[in-house]
1. Looking at region 77-102, I want the residues that are under 13 Å from ARG123 (Cβ atoms) and have a partner that is part of a helix (DSSP H, G or I) and at pLDDT 95 or above with Cβ atoms under 9 Å, at least 6 apart or on another chain. Which pairs are those?
2. Go over the candidates ARG77, ARG59 one by one and state the one that is in contact with a Leu (Cβ under 7 Å, 6 or more places away or on another chain) and closer than 30 Å to PHE208 by Cβ.
3. Of everything in region 195-217, what is open to solvent by less than 40 Å² (accessible area, probe 1.4 Å) and either β-branched (Val, Ile, Thr) or within 20 Å of PHE251 (Cβ to Cβ) (or both)? Give them in sequence order.
4. Considering each of VAL236, VAL247 in turn, give the residue that is in contact with a Phe, Trp or Tyr (Cβ under 9 Å, 6 or more places away or on another chain), aliphatic (A, V, I, L, M) and within 19 Å of ASP74 (Cα to Cα).
5. Hey, among the residues in region 112-140 that are exposed (fewer than 15 other Cβ atoms within 10 Å of the Cβ) and either farther than 21 Å from GLY48 by Cα or among the aliphatic types (A, V, I, L, M) (or both), which one's modelled with the highest pLDDT?
6. Restricting to region 117-148, name every residue that is more than 12 Å from TRP44 (Cβ to Cβ) and either of a type in the set (A, V, I, L, M, F, W, C) or part of a loop (DSSP other than H, G, I, E, B) (or both).
7. Among the listed residues LEU223, LEU159, identify the single one that is in a helix (DSSP H, G or I), open to solvent by 30 Å² or more (accessible area, probe 1.4 Å), among the aliphatic types (A, V, I, L, M) and under 20 Å from LEU253 (Cβ atoms).
8. Here are some residues: ALA109, ALA101. Which one is modelled with pLDDT under 95, among the aliphatic types (A, V, I, L, M) and either in a helix (DSSP H, G or I) or open to solvent by less than 20 Å² (accessible area, probe 1.4 Å) (or both)?
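The values are calculated or read from the model by the stated rules, or taken from the named source; none is laboratory data. What you are looking at is a predicted structure, and each value in this text was computed from that prediction instead of being measured. Note that each Cβ is placed from the backbone with ideal geometry, even for glycine, and that neighbours are counted across all protein chains shown. Surface accessibility is based on the protein's heavy atoms, side chains included, excluding ligands, DNA and RNA. Shrake-Rupley method; radii C 1.70, N 1.55, O 1.52, S 1.80 Å.
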Amino acid sequence: MNRRSLLLGAGAVGLTAAVGGAAIAVAAPEDVEAGRRSQPLLTWELTGGFVPAGWNALRAPRLVAYDDGTLVADAARRVKVGQGTLRSLRNHATAVLRDPANTRRRPGAPMIADVPSTVFTVRGNGRRFRAQFEGLEETRPDRAYPTAAYSLLDHVTQLRNRTLQTGSAFHPDAVRLVAVLLDPAQRPTAVAPWPAGVPVPRLDKDEFVAQLDLRGRPARALLRAVPRPDPAQWPVFATADGRRFQVNHRFLLPHE
């Protein structure tokens, strides 16, 4: 059995895994070209872990904050906050992420396999600080990382909860299509024709997961075909050449 036969019923196929380890912290100058676009002030992302193929491409940042005070949670809800709230977030994140000591695991802290990594990135004063903590939320009872790391986690969690509970729907005319090619031996019970107006993503040899960012008319066509995406149940579409893809999508963020 190959990897693509593993998780049809779960809505995706194949698996990736990550194991616990030390955090990674990076400080770098801002990208001048990227700075001309609407770049985030702060992002909080999860990546890796024991997840189906295509999951990381589909997984939106848990929280993104922009310079105008817009917060977007899970690429699903948004809210506007004041500059004081934004400044407090930026200062807190910068203070934590710029100190390498805040990213170091406690010697002897238990390692937890197959958990996602938490990634924080903050931009300020012409610099960008990024740190990756493997299993930050899962290791909290063991205090694997310094208190400052969990304090920042609490701060962004509070803002994410506020956005999800009080924010308005985030529905831009732009989506990320994620498609997983099924093995020919797999026989899903429900198959629909590939949606009209939606381009079929290209796959290189030996690839079976593809993503494609769509805007405008193609994005609307995909939203009509898959109006309520379910992370656990991906619909299956057949292309004109007979290939079958499991398909899902999420909304694109302003900087994507």
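1. Partner pairs satisfying both residue conditions: LEU89/HIS155; LEU89/VAL156; LEU89/LEU159; ALA93/LEU152; ALA93/HIS155; ALA93/VAL156; LEU97/LEU152.
2. The unique qualifying residue is ARG59.
3. Residues satisfying the conditions are PRO195, VAL198, PRO201, ALA210, LEU214, GLY216.
4. Numbers: VAL236 fails: within 19 Å of ASP74 (Cα to Cα).
Criteria check complete, one pass: VAL247.
5. Let us first name the residues in region 112-140 that are exposed (fewer than 15 other Cβ atoms within 10 Å of the Cβ), namely 112-113, 125-127, 137, 140.
Filter once more, so that each one left must be either farther than 21 Å from GLY48 by Cα or among the aliphatic types (A, V, I, L, M) (or both): 112-113, 125-127.
Details: ILE112: 88, ALA113: 88, ASN125: 80, GLY126: 86, ARG127: 93.
Only one residue tops the list, namely ARG127.
6. Across region 117-148, the qualifying residues are ASN125, GLY126, PHE129, GLY135, GLU138, THR139, ARG143, ALA144, TYR145, PRO146, ALA148.
7. On inspection, the qualifying residue turns out to be LEU223.
8. Details: ALA101 fails: modelled with pLDDT under 95.
So the residue among ALA109, ALA101 that is modelled with pLDDT under 95, among the aliphatic types (A, V, I, L, M) and either in a helix (DSSP H, G or I) or open to solvent by less than 20 Å² (accessible area, probe 1.4 Å) (or both) is ALA109.
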